[in-house]
Amino acid sequence: MPEVCGDAALMAAPDDPAMWVKHIDSLRRSPYLREELVEAGRQRVNQFSWKTTAKAYADLMSG
């Protein structure tokens, strides 16, 4: 779900085991990649807080 994960995840189709293996191997081999994804995830999570979601919903409802 790129709309949720953004740049904080490696994407692979459920029916593409070769890509899953490639991504898992990349994560296993690269501490830098793991750190980059963790940091991107920490930044991304702020977009999905209850406060942010409630504000976006209120803005949507107010026109």
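What follows draws every value from the coordinates through simple rules; no lab data is involved. Here the structure is a predicted model, which is why all the values come from computation and not from measurement. Glycine gets a Cβ as well: all are built from the backbone with ideal geometry, and neighbour counts include every protein chain shown.
Would you confirm whether or not the stretch 11-22 contains a residue that is assigned to a helix (DSSP H, G or I), over 9 Å from the mean Cα position of the chain (by Cα) and exposed (fewer than 11 other Cβ atoms within 10 Å of the Cβ)? Yes, the conditions are met somewhere in the stretch 11-22.
Of the residues examined, L10 is one that is touching a Lys or Arg at 6+ places or on another chain (Cβ under 9 Å) and of a type outside the set (G, A, S). Of all residues in the stretch 26-37, those that are assigned to a helix (DSSP H, G or I) and either of a type in the set (G, A, S) or in contact (Cβ under 8 Å) with a residue 24 or more places away in the chain (or both) total 2.
When each of A8, A54 is tested for being of a type in the set (A, V, I, L, M) and surrounded by 13 or more Cβ atoms within 10 Å (Cβ to Cβ), the lone residue that passes is A8.
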